[in-house]
Amino acid sequence: MDAKDILGLPKNSITQEKKSRPQKDSQRKPDGISREVYALTGGFPPLIPAIEASQLKKRPPSDEKITWQWLPFTNSARKDNLHLYHWVRIVNGVPPTGDYSFAKYNKMWTKEETDQLFELCQSFDLRFIVIADRFPSSRTVEELKDRYYSVARAMLAARAPSPGDISGHPLVKEPYNVSQETERKRALSMVLSQTKQQERKDAEVLAEAKRITESRMVARGAEESELPVPSNAGPESAERAAIPSDTVSPSANVQHPSAAVAPSTITVDNASILASLRMLRVYLRTYALDQMVQAASSSAGLRTIKRVEQTLQELGVNLKPRVPTKAVCAEHLELRREILTLLNLQKQLQYKEAEGSSYRDGSYGDTPGTPKHLSHGGDQDRIFVPDMNFAGERIGKRDQKRKAPGRLSEAPLPAHKRPRKLKAADL
Amino acid sequence: MSLTTSSRKQGENQPDDGASAAKPPRIKIGKSSEESDKKGAHRRVKDVEICVPIVYGTIAFYLGRKASESQSHKWTVYVRGATNEDLGVVIKRVVFQLHPSFNNPTRVVESPPFELSECGWGEFEIGISLFFHNDICDKQLDLFHHLKLYPEDESGPQTTKKPVVVESYNEIVYPDPSENFLARVQNHPAVIVPRMPAGFNLPYPVSIESVNEREKGDTKDHPLSQWFMNFSEADELLKLAAARQQVQAHIVKLRRQLSVMDGPPPLLKQPTGYDYT
């Protein structure tokens with residue numbers, strides 16, 4: 001209001017707007033449906049009304065008496081004599097005539113149609129694709145074939161002196177199977193229209209399946225040997241691990257992580273992988289390492305695995321050793337395991353701190369420093385910042401911020417006694 | 001350098017002798033074997049792992065003035081011993097699978113040095129299949145290597161003097177070698193064999209058919225040896241050890257922190273006043 005004054009605009013325009021708007025709103029609101037539903041359809045009236053709103057309300061003609069009766073009916077499309085009941089709309093006491101309305105969807109072959117079919121078959125030499133094109137009523141190629149072959153078979157059977165005579169005839173021995181044919185053609189067209197990517201995916205899945213079945217066979221061999229591996233954990237891990245050496249391709253190809261295995265201890269997994277490796281006549285060191293790494297991270301989620309790799313990078317270690325000798329691979333594996341332990345401990349610590357801080361916040365009010373732990377976020381993800389003396393700085397920071405539990409029973413320290421935050425000047 | 005290439009179809013990797021390596025029983029250490037080498041072929045040595053360190057890769061030279069549109073580089077793909085020793089002691093032949101645009105893309109190399117040279121313009125993945133001698137195993141080992149022709153550093157024109165070298169180190173491991181195999185290779189420089197327990201007797205080493213007639217197959221004096229990369233496990237071991245130390249120290253700290261949080265309140269030296277009655 002004052003703004004308008006300052007700008008020097010006339011004051012009346014506001015009230016005019018307010019008045020015109022409610023009118024516009026009610027104009028927009030549609031009849032018969034709520035505003036929200038109307039908005040779903042686009043919020044604007046359709047160009048051409050599909051159904052007149054007036055029509056929806058006044059439908060039943062006044063001169064007709066409509067009643068509904070529960071009557072039996074039969075279906076000409078059915079072979080059995082099933083009698084069912086349904087509600088029937090009676091107009092002025094006269095029930096409707098005619099067959100069950102859905103019977104017409106049962107594809108019936110009239111003699112006329114069949115004769116036409118046979119004529120076309122004769123003139124076009126059983127070329128069904130051409131016949132289907134020329135057929136007066138729309139029938140699929142499979143339907144035409146089915147009709148032709150079943151009629152031909154019936155005729156053959158009727159004309160044959162005995163059933164045994166025709167049992168060798170292809171019409172009888174291999175009858176045309178409509179559903180199978182339809183399905184086959186549908187599958188073919190799907191395969192034909194597959195994109196390259198789908199093809200590749202299918203090939204991958206098949207290769208994976210092949211690998212799994214092969215490894216299952218090796219695992220069965222591993223079971224039969226005298227290795228002391230617990231039965232439920234062993235075969236499953238061996239399944240995952242043992243891949244025959246003739247499909248070994250360590251460096252370039254992508255590892256396919258297999259589905260989750262029943263939980264088992266790390267040592268058991270390791271033992272079974274060693275066992276399955278020994279079953280191979282020859283393998284590459286990198287392959288063995290990959291198997292062991294997979295086993296070690298089998299209990300970890302994808303995010304944890306990524307964090308392990310991130311940590312390795314921060315430590316300046318190659319994710320795949322450049323010189324994978326036996327010793328290097330062993331060290332690498334141990335390092336990975338230790339990092340996993342480290343991450344688990346970190347998580348535990350986080351949880352404990354979260355618990356502790358919520359407890360403390362609830363009962364003791366002012367507790368300096370604790371909430372900041374939880375919002376560290378990115379900081380906490382980086383454990384080893386390159387070139388940083390983390391032993392001094394980061395952990396020191398944590399220690400100073402966090403309070404010992406003993407403090408809970410005491411009043412919060414006055415400011416000058418609280419551990420002071422690390423300042424740049426301290427470094 | 002000697003190059004032997006032939007376009008034999010892959011798949012002719014059936015063992016020459018009829019002896020298939022059926023699953024043999026484990027032998028006991030200390031059993032002296034004066035049996036014929038046939039038994040030695042079947043008897044396998046438990047807990048002895050034979051290791052053959054190899055390096056495989058490509059070296060590609062830009063042809064410079066002699067380069068044409070379709071042949072801009074000359075490259076060699078090879079498998080060599082990591083210390084440049086003769087791999088013929090374990091490898092019978094190597095099959096290099098090239099891009100289908102090459103004539104006879106399946107190239108078989110029957111004797112060391114296991115290498116193949118070609119000219120071309122394109123980078124692609126080369127399949128390298130290693131086939132071992134009959135007394136070792138009849139399964140092949142497959143490797144893949146991406147042929148790199150163009151240097152990382154794209155600045156400036158390509159030089160014909162310095163090739164683009166990409167090598168990968170790996171080790172072939174035979175977890176349960178046959179006695180014959182072990183006897184044959186235990187003193188060979190290309191093969192790493194762990195110390196045998198005392199009293200272990202192996203059959204007299206039997207040499208394979210073509211070994212004696214072969215020319216030297218090591219790559220120590222190979223024309224391209226000046227470009228071979230060095231793979232020293234020492235560097236990596238050091239780095240790994242340092243990393244492990246860091247992680248272990250961190251773990252110790254965290255464990256301490258956790259125990260402080262979990263455990264009873266720490267001992268406070270302050271007298272509470274209630275202890276003294």
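The values are calculated or read from the model by the stated rules, or taken from the named source; none is laboratory data. From a predicted model like this one, the values you see are computed outputs, not experimental measurements. Virtual Cβ from ideal backbone geometry, glycine too; neighbours counted across all protein chains shown. Quick note on the areas: whole protein, heavy atoms, side chains included, nothing else; ligands and nucleic acids left out. Shrake-Rupley method; radii C 1.70, N 1.55, O 1.52, S 1.80 Å.
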(request) Could you work out how far the C-alpha centroid of segment B:73-100 sits from that of segment A:81-106, in angstrom? (result) 83 Å
(message) Before we go on, tell me the buried accessible area for the A/B pair, both chains summed, 1.4 Å probe, in Å² to the nearest 100.
(response) 5200 Å²
(message) Applying a 10 Å radius around every beta-carbon, put B:247-255, B:100-108, A:161-169, A:329-337 in order of their mean neighbour count, most first.
(response) A:329-337, B:247-255, B:100-108, A:161-169
(request) Could you order A:Asp125, B:Asp138, A:Asp146 by accessible surface area, starting with the largest, using a probe radius of 1.4 Å? (result) A:Asp125, B:Asp138, A:Asp146
(request) Run the quick spin-label model on B:Phe124 and A:Ser150: label points 7 Å from Cα toward the beta carbon, then report their separation in nm to one decimal. (result) 5.4 nm
(message) Once R0 is set to 35 Å, what does the formula 1/(1 + (r/R0)^6) return for the Cβ-Cβ distance between A:Met190 and A:Lys352, expressed as a FRET efficiency to the nearest 0.05?
(response) 0.05
(message) List the pairs from B:Lys66/B:Lys162; A:Lys210/A:Lys306; B:Lys74/B:Lys162; A:Lys320/B:Lys239; B:Lys46/B:Lys139; A:Lys201/B:Lys148 whose alpha-carbon separation is above 21 Å, in the order I gave them.
(response) A:Lys210/A:Lys306; A:Lys201/B:Lys148
(message) Test of understanding: extend the Cα→C-beta vector of B:Ser70 to 7 Å, then name every residue of segment B:104-133 with backbone N under 14 Å from that spot.
(response) B:104, B:119-122
(message) Could you work out how much longer the chain between A:Glu183 and A:Thr140 gets when fully extended? Use 0.36 nm per residue separation minus the Cα distance between them, nm to one decimal.
(response) 14.2 nm
(request) Per residue of B:225-232, count partner chain C-beta atoms within 10 Å of its C-beta, then hand back the mean as an integer. (result) 1
(request) Give the long-range amide H neighbours of B:Phe114: residues separated by 5 or more places, or on another chain, with amide H under 5 Å away, using H modelled in the peptide plane at 1.01 Å from N. (result) B:Val79
(request) Please give the peptides B:165-174, A:305-314 ranked by average Cβ packing (other Cβ atoms within 10 Å per residue), highest first, as a rough proxy for protection. (result) B:165-174, A:305-314
(message) Taking a ≥ b ≥ c as the square roots of the Cα gyration tensor eigenvalues, with a/c under 1.5 meaning rounded and otherwise prolate when a/b beats b/c, else oblate, which class fits segment A:276-322?
(response) oblate
(request) Set the Förster radius R0 to 56 Å, insert the Cβ-Cβ distance between A:Arg159 and A:Ile33 as r into 1/(1 + (r/R0)^6), and round the FRET efficiency to 0.05. (result) 0.25
(message) Please compute the modelled spin-label separation between A:Met217 and A:Val130, points set 7 Å along Cα→Cβ, answer in nm with one decimal.
(response) 5.0 nm
(request) Count, for each residue of B:137-144, the Cβ atoms from other chains sitting within 10 Å of its Cβ, then give me the mean as a whole number. (result) 6
(request) From other protein chains only, count the Cβ atoms within 10 Å of every residue's Cβ in A:334-344, then give the mean. (result) 4
(request) Assuming R0 = 41 Å, can you tell me the calculated FRET efficiency for the pair A:Lys111 and A:Leu84, based on Cβ-Cβ distance, to the nearest 0.05? (result) 0.90
(request) In nm, give the distance between the simple-model label positions of B:Ser225 and A:Ala330, each being 7 Å from the Cα along the Cα-to-Cβ direction. (result) 3.1 nm
(request) With a cut-off of at most 15 other beta carbons within 10 Å, and DSSP calling the residue loop, which trypsin sites (Lys or Arg not before Pro) in segment A:47-141 qualify? Please list them. (result) A:Lys58, A:Lys65, A:Arg78, A:Lys79, A:Lys107, A:Arg127
